[in-house]
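The values are calculated or read from the model by the stated rules, or taken from the named source; none is laboratory data. Just so it is clear, the structure is predicted and the values come from calculations on it, not from any experiment. Counting neighbours? That spans all protein chains shown, and the Cβs are built from the backbone with ideal geometry, glycine included.
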Amino acid sequence: MDVRAGDTNESSIGELFGRVAEDAKSYARAEIAVYRSIAAHRAGKARNGAIALVAALFLLNAALIALFVAIMLALALHIGPLLAGIALFVVVGIIGFLLVRYGAGKLAALSGDAEEKAALAAGEHLS
């Protein structure tokens, strides 16, 4: 083969690297588009489930209120309406307080445990 200096079919190394960089950018954009469409598809499928869970939460809340009213009415026959209301308030308040303490303790894990905090502090000292 005869290779001439003025042959326009050959690309320089810089042009080849430029094409490779453009191809890599196109590939990365395509990958991002795929993951976005997967996430959108999953969110669309999960949306109806989330709506059903919220509706169930409201219905369970209404059922719980009805149960508390029934308990209070049953207690009112024995100890009077005011004392029944106070007794039910105390019991439900204690249960609510314990659930809040439990939930807050579990949410504290989001800030990291002692081992994780020590590792992060050690990493800050190195940099």
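General observations
- Pairs with Cβ under 8 Å, 6+ apart, first in the stretch 89-112 and closer than 19 Å to Asn61 by Cβ, second surrounded by 10 or more Cβ atoms within 10 Å (Cβ to Cβ) and charged (D, E, K, R): none
- Residue check, Ala50 assigned to a helix (DSSP H, G or I), out of contact with any Lys or Arg (no Cβ under 7 Å at 6 or more places or on another chain), surrounded by 10 or more Cβ atoms within 10 Å (Cβ to Cβ) and modelled with pLDDT of 95 or more: no
- Yes/no for Ala28 being of a type outside the set (S, T, N, Q), under 35 Å from the mean Cα position of the chain (by Cα) and modelled with pLDDT under 90: no
- Residue in the stretch 84-95 that is of a type in the set (Gly, Ala, Ser), assigned to a helix (DSSP H, G or I) and loosely packed, with under 11 Cβ neighbours inside 10 Å present: yes
- The residue that is modelled with the highest pLDDT, counting only those in the stretch 102-112 that are surrounded by 10 or more Cβ atoms within 10 Å (Cβ to Cβ) and at negative phi, is Tyr102.
- Selection within the stretch 72-83 - surrounded by 11 or more Cβ atoms within 10 Å (Cβ to Cβ) and assigned to a helix (DSSP H, G or I): Met72, Leu73, Leu75, Ala76, Ile79, Pro81, Leu83
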